[in-house]
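Please read the structure below before turning to the comments.
The values are calculated or read from the model by the stated rules, or taken from the named source; none is laboratory data. Predicted, not measured: the structure shown is a model, and the values here were computed from it. So basically every Cβ, Gly included, is an ideal-geometry build from the backbone, and we count neighbours across all protein chains shown. Accessible surface areas use protein heavy atoms only, side chains included; no ligands, DNA or RNA. Shrake-Rupley method; radii C 1.70, N 1.55, O 1.52, S 1.80 Å.
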Amino acid sequence: MSDTADINFQKELAALVPNLRAFARSLSGNPDRADDLVQEALVKAWQNRGTFAEGSNLKAWVFTILRNTFLSELRKRKNEVEDADGAFANSLATVGNQASHMDLLDFRAAFETLPADQREALILVGAEGFGYEEVALMCGCAVGTIKSRVNRARQKLATLLAHDSPAAVAD
């Protein structure tokens, strides 16, 4: 790549950092691990910038790198013991008095009960704005599977949060 192409690539990567951090945090549930994941994904993207096909979707490419990095890390750490129920972490947090904060906690708790594949699909489609086709490519499954995961996730969240219909959580 030329110096100009490297600079443009670097600028495009930098613009994706907030979205990458949000996705990494939703995957890992830990801001520090999320930052580490983003850093690893950006390093891998930079090292492999020569393999990136010009004109293709950089955001989807980097999100796929981040997702694969997370899954690899998950496989490596499967035998580690963590604060799975969050009891220790919750003892360190100070809960605010605002109702919106409580709503966020309720949502976070409900969101964590979703299966990992549904959380991932909902974040990529709902929060990151990827199309079903792009998410299906990233996750390596059929478009219908992604649509089902998103629908099931929205329905379960609506039930858990006592909304009248999934449409209340959909958009």
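Volume per residue, Å³, of the convex hull around the alpha-carbon atoms of the chain? Walk me through the numbers on the way to the answer.
On the way: hull volume 23.8 nm³, N = 171.
So the per-residue hull volume is 139 Å³.
Relative to the longest principal axis of the chain, what angle (0 to 90°, nearest 10) does the C-alpha long axis of helix 31-47 take?
Tilt of helix 31-47: around 20 degrees.
Within a Cβ distance under 11 Å of VAL62, other residues only, what is the Lys/Arg minus Asp/Glu net charge?
On the way: positive: LYS44, ARG49, LYS59, ARG67; negative: GLU12.
Charge balance in the 11 Å sphere: +3.
Kindly report the accessible area of the chain per residue (heavy atoms of protein chains, probe 1.4 Å, no ligands, DNA or RNA), in Å².
Result: 61 Å² of accessible area for each residue.
Straight-line reach from LYS11: which lysines have a Cα under 16 Å away, not including same-chain ones fewer than 8 places off?
LYS44, LYS59
VAL125 accessible area, nearest 10 Å², 1.4 Å probe?
Probe radius 1.4 Å; accessible area of VAL125 about 20 Å².
Determine the share of the chain's accessible area contributed by carbon and sulfur atoms, expressed in whole percent, with a 1.4 angstrom probe. If you can, show how the numbers build up before the last one.
Working: 5420 of 10490 Å².
Its accessible area is 52 percent carbon and sulfur atoms.
GNM, the chain, Cα, under 10 Å: largest mean-square fluctuation among THR145, THR51, THR64?
Looking only at THR145, THR51, THR64, the largest GNM fluctuation is found for THR51.
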